[in-house]
Amino acid sequence: MFKLLSRKILGEKYRSVITSVIIAAIIGGSLSTMEVTIPIAQSILIMFSLFYTGPIVLQALASKDNARCLKGLFAMPCNETRTLWEYAAVIGIYALFTKTILLFALIYAFTTLTAMNIVIMVLASFFSIVGTMIIFGFRKKAPLISLLIIAAAVAMAFLLPDGKFSAIGFAAADIILLLIFSFLKLEDFRVTESSNVKAGQKRSGGSFFLIPKYIVRYLLSNKSYIISPLFLLAFAVFFAYNANTSGMPAGAGLAMGLISVNSPIAVIVSSNRNLKNKLDMLPGKTQNFFVPYGFVVAVFFMIIYAIYITTVSIILKNVDYKAIILAPIFSVEAGILNAILESRFPITKWKTEPDLFRHPRKYIIPLIIMFEAAIVYFLPA
């Protein structure tokens, strides 16, 4: 069963893992030649590992494309306990070696890591993988367990002392999570293939407003699509705060690019093959769909940026006027570029929904935003 699961999620002959490791090595090696060093506290490294990995695991578990394949695999005669652990192993390998490793490469390029730092980051990522699977598995039976796991993760990140004691603490916590995970069953990880987006509703308000209504219903029917941007928003606030305390005010602008790295709304057409096929047959699809789509994306990012700027201003007790000026510019820019990319260059070669979120195309807009923010913030006043 492990081979079948790995072939579906990791690609033939672990192609996705090998490709990601090579890309991470190239990124880490090339960026490290810039000789730019940013001091990052151990608690920040832990938070990066925890809250970057968690949403990735959640997206993989909730993937409806995965559900169609796994429905058939899980129906096969098998040892359910063994299959569950094999499924967990494949999800863990997928998250750690195709996603989190890219974060590790960036951290390696811009900070000085010790062997103990690496061990702690790996243990924290493992905690995030198992913890997220437990949260997903107990989502119906014991939803409050998610709050306990998140609270424990944050507490360990900030309360455990630096060095080996932090590693021991996370190792012990990982063992406890594995024991809790053993109480789950394969049935707990089944997801429905049906969508809650209802067709045939009364159309009102003009064709322009049909697209926003569709997108809102689509996001509401995929709860992980809403949770992921919220995690990134929290991550961006955390990044901006620590960059500012480290004497790098440009972090507030760079964090605005981070927010858009993994936003599911940016691939809403690519992720729905039926919608893409229908749009290909739609006359005037640009003005009838992609213009309203770009408008929705711009509004979405404007709301996220407003929450971000307000939160950072309250925490830092300082209003960042550059961010306030850049927010509407970046929002409109993101709306236009996302509409163009989804219209002209949709992502078509993907096997599972998580493949969409590691596609190189998703980094184009965040990198543009971060580059522009860096120019503005580093320009002399």
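Could you count how many residues in the range 273-288 are open to solvent by less than 50 Å² (accessible area, probe 1.4 Å) and either free of Cβ contacts under 8 Å to residues at least 24 places away in the same chain or in contact with a Leu (Cβ under 6 Å, 6 or more places away or on another chain) (or both)?
In the first step, residues of the range 273-288 are kept if they are open to solvent by less than 50 Å² (accessible area, probe 1.4 Å); the result is 275-276, 279, 284.
So of that shortlist, the ones also either free of Cβ contacts under 8 Å to residues at least 24 places away in the same chain or in contact with a Leu (Cβ under 6 Å, 6 or more places away or on another chain) (or both) come out as 275, 279, 284.
The total comes to 3.
Among the candidates Leu160, Leu232, the residue that is surrounded by 11 or more Cβ atoms within 10 Å (Cβ to Cβ), at pLDDT 80 or above and of a type in the set (A, V, I, L, M, F, W, C) is uniquely Leu160. For the condition within 23 Å of the chain's Cα centre (by Cα), open to solvent by less than 80 Å² (accessible area, probe 1.4 Å), without any contact (Cβ under 8 Å) to a residue 24 or more places away in the chain and closer than 18 Å to Ala234 by Cα, Ala306 qualifies. Look at the range 115-139: where a residue is part of a helix (DSSP H, G or I) and a partner is open to solvent by less than 60 Å² (accessible area, probe 1.4 Å) and among the charged types (D, E, K, R), sitting 6+ places away or on another chain with Cβ atoms under 7 Å, you get Leu123/Asp174; Phe126/Asp174; Phe127/Asp174; Val130/Asp174; Gly137/Asp188.
Conditions (1) within 30 Å of Asn274 (Cα to Cα); (2) at pLDDT below 80, marked per residue:
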| site | (1), (2) |
| --- | --- |
| Lys13 | yes, yes |
| Ala25 | no, no |
| Thr33 | no, yes |
| Ile38 | no, yes |
| Ile44 | no, no |
| Gly54 | yes, no |
| Gln59 | yes, yes |
| Arg68 | yes, yes |
| Leu73 | yes, yes |
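Go through Val319, Val332, Val296 for me and flag whichever is open to solvent by 50 Å² or more (accessible area, probe 1.4 Å), in contact (Cβ under 8 Å) with a residue 24 or more places away in the chain and over 18 Å from the mean Cα position of the chain (by Cα). The conditions single out Val332.
Please work out if Ala105 is open to solvent by less than 30 Å² (accessible area, probe 1.4 Å) and at pLDDT 90 or above.
Details: open to solvent by less than 30 Å² (accessible area, probe 1.4 Å): yes; at pLDDT 90 or above: no.
The answer is no for Ala105.
The values are calculated or read from the model by the stated rules, or taken from the named source; none is laboratory data. Keep in mind it's a predicted model, so treat the numbers as computed, not measured. Cβ coordinates were reconstructed from backbone atoms using ideal geometry, including for glycine residues, and neighbour counts include every protein chain displayed. For the accessible areas, the whole protein counts, side chains as well, though only heavy atoms, and no ligand, DNA or RNA atoms are used. Shrake-Rupley method; radii C 1.70, N 1.55, O 1.52, S 1.80 Å.
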